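Peer 1: I'd like to ask you about the structure that follows.
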Amino acid sequence: SINIANTINNIFNIAFFAMGDAIAIIVWQLLGANKMKEAKDTAYKIIVFAVMISICVAILMSGTSVFFPKLYNTNEHAKQLATRYILANACFMPVVAFLHTSYFTIRSGGKTVITFIFDSVFVWCISIPLAYVLSRYTGIPAVPMYVMVQSADLIKCVIGFILVRKGVWMQNIVER
């Protein structure tokens, strides 16, 4: 079920993954040209645009949630679970779009340690332990557990928002 949901999710994620690449290229060039105010403004606009696009894409993805699992040769229970996972992924798509574009905004200024902590350390210190505790010590069904673990990314959204807003990422790495 997860594999089915991730297949369609990866197809729909292309829309805002491209926005992360756009930030990496456009904002990095502006930072390199010492156009800090313009870099910050451009990053904000691309982040907002990515979130808006992801809302539209999430609606489309939700519409395919019933049909896409039927393309697979598996049992009905797996297809029903896949539909629920697809819907959960669609709900979190704006969150993932914001996280992805925030990550690339921070990275555009050369803040690789911050992005490592922002992404990898968070997964290992928050998401994985949360999934372990929920799976071992509660009777929560798989889909709500998946949603709860995905919800932990809201913490990353707050951190990403603060880091982007404060401008800690804004440095000209070309001059160094």
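Peer 1: Among the residues of region 52-80, write down those that are surrounded by 19 or more Cβ atoms within 10 Å (Cβ to Cβ) and within 22 Å of Phe17 (Cβ to Cβ).
Peer 2: Across region 52-80, the qualifying residues are Ser54, Val57, Ala58, Met61, Ser65, Phe68.
Peer 1: Now, a different point. Taking the stated definitions as given, is Tyr132 in contact (Cβ under 8 Å) with a residue 60 or more places away in the chain, in a helix (DSSP H, G or I), open to solvent by 40 Å² or more (accessible area, probe 1.4 Å) and not aliphatic (A, V, I, L, M)?
Peer 2: no
Peer 1: So for region 99-119 (the condition being closer than 21 Å to Ala152 by Cβ and acidic (Asp, Glu)), does at least one residue qualify?
Peer 2: yes
Peer 1: Any chance you could count how many residues in region 136-161 are β-branched (Val, Ile, Thr), modelled with pLDDT of 95 or more and surrounded by 14 or more Cβ atoms within 10 Å (Cβ to Cβ)?
Peer 2: Counting residues in region 136-161 that are β-branched (Val, Ile, Thr), modelled with pLDDT of 95 or more and surrounded by 14 or more Cβ atoms within 10 Å (Cβ to Cβ) gives 3.
Peer 1: So, one more: Quick one: Thr74 ticks every box in (1) within 30 Å of Met170 (Cα to Cα); (2) in contact (Cβ under 8 Å) with a residue 12 or more places away in the chain except a single one, so which number is it?
Peer 2: Every listed condition holds for Thr74 apart from (1).
Peer 1: When you look at Ala33, is it of a type outside the set (Val, Ile, Thr) and either on the phi > 0 side of the Ramachandran plot or touching a helix residue (DSSP H, G or I) at 6+ places or on another chain (Cβ under 8 Å) (or both), yes or no?
Peer 2: Working: of a type outside the set (Val, Ile, Thr): yes; either on the phi > 0 side of the Ramachandran plot or touching a helix residue (DSSP H, G or I) at 6+ places or on another chain (Cβ under 8 Å) (or both): no.
Here the answer is no, as Ala33 does not meet what is asked.
Peer 1: I would also like to ask the following. Regarding region 69-78, can at least one residue be identified that is closer than 30 Å to Gly160 by Cβ, in a helix (DSSP H, G or I) and within 24 Å of the chain's Cα centre (by Cα)? Spell out the reasoning first.
Peer 2: So in region 69-78, the residues closer than 30 Å to Gly160 by Cβ come out as none.
No, region 69-78 has no match at all.
Peer 1: Could you list, in sequence order, all residues of region 1-38 that are under 17 Å from Phe68 (Cβ atoms) and not in a helix (DSSP H, G or I)?
Peer 2: Of everything in region 1-38, just one residue is under 17 Å from Phe68 (Cβ atoms) and not in a helix (DSSP H, G or I), namely Ser1.
Peer 1: Between Cys91, Cys125, which is assigned to a helix (DSSP H, G or I), under 27 Å from Thr64 (Cα atoms) and among the hydrophobic types (A, V, I, L, M, F, W, C)?
Peer 2: None of the other options fit; the residue is Cys91.
Peer 1: Return only the number of the condition from (1) open to solvent by less than 50 Å² (accessible area, probe 1.4 Å); (2) assigned to a helix (DSSP H, G or I) that Asn172 does not satisfy.
Peer 2: Only one criterion is unmet by Asn172, namely (2).
Peer 1: Examine region 110-124 for a residue that is open to solvent by 30 Å² or more (accessible area, probe 1.4 Å), out of contact with any Lys or Arg (no Cβ under 7 Å at 6 or more places or on another chain), farther than 23 Å from Asp21 by Cα and without any contact (Cβ under 8 Å) to a residue 60 or more places away in the chain, and state whether such a residue exists. Let's see the steps before the verdict.
Peer 2: Here is the first cut: in region 110-124, the residues open to solvent by 30 Å² or more (accessible area, probe 1.4 Å) are 111-114, 116-117, 119-121, 123-124.
Going one step further and asking which of them are out of contact with any Lys or Arg (no Cβ under 7 Å at 6 or more places or on another chain), we end up with 111-114, 116-117, 119-121, 123-124.
From the residues that got through so far, the ones that are farther than 23 Å from Asp21 by Cα too are 124.
Right, trim to without any contact (Cβ under 8 Å) to a residue 60 or more places away in the chain and you get 124.
Looking through region 110-124, at least one residue is open to solvent by 30 Å² or more (accessible area, probe 1.4 Å), out of contact with any Lys or Arg (no Cβ under 7 Å at 6 or more places or on another chain), farther than 23 Å from Asp21 by Cα and without any contact (Cβ under 8 Å) to a residue 60 or more places away in the chain.
Peer 1: Pull out all pairs, ordered by first then second residue, where Cβ-Cβ is under 8 Å, the residues are six or more apart or on different chains, the first lies in region 3-28 and is open to solvent by 80 Å² or more (accessible area, probe 1.4 Å), and the second is of a type in the set (Ser, Thr, Tyr).
Peer 2: Short answer, once both residue conditions are applied: Trp28/Ser108.
Peer 1: Still on this structure: From Thr105, Thr83, grab the single residue that is surrounded by 15 or more Cβ atoms within 10 Å (Cβ to Cβ), of a type in the set (S, T, N, Q) and under 19 Å from the mean Cα position of the chain (by Cα).
Peer 2: On the way: Thr83 fails: under 19 Å from the mean Cα position of the chain (by Cα).
After applying the criteria, what remains is Thr105.
The values are calculated or read from the model by the stated rules, or taken from the named source; none is laboratory data. Bear in mind that the values here come from a model prediction, so they are computed numbers and not experimental data. Virtual Cβ from ideal backbone geometry, glycine too; neighbours counted across all protein chains shown. When the accessible area is computed, the model is the full protein with side chains, heavy atoms only, and any ligands, DNA or RNA have been set aside. Shrake-Rupley method; radii C 1.70, N 1.55, O 1.52, S 1.80 Å.
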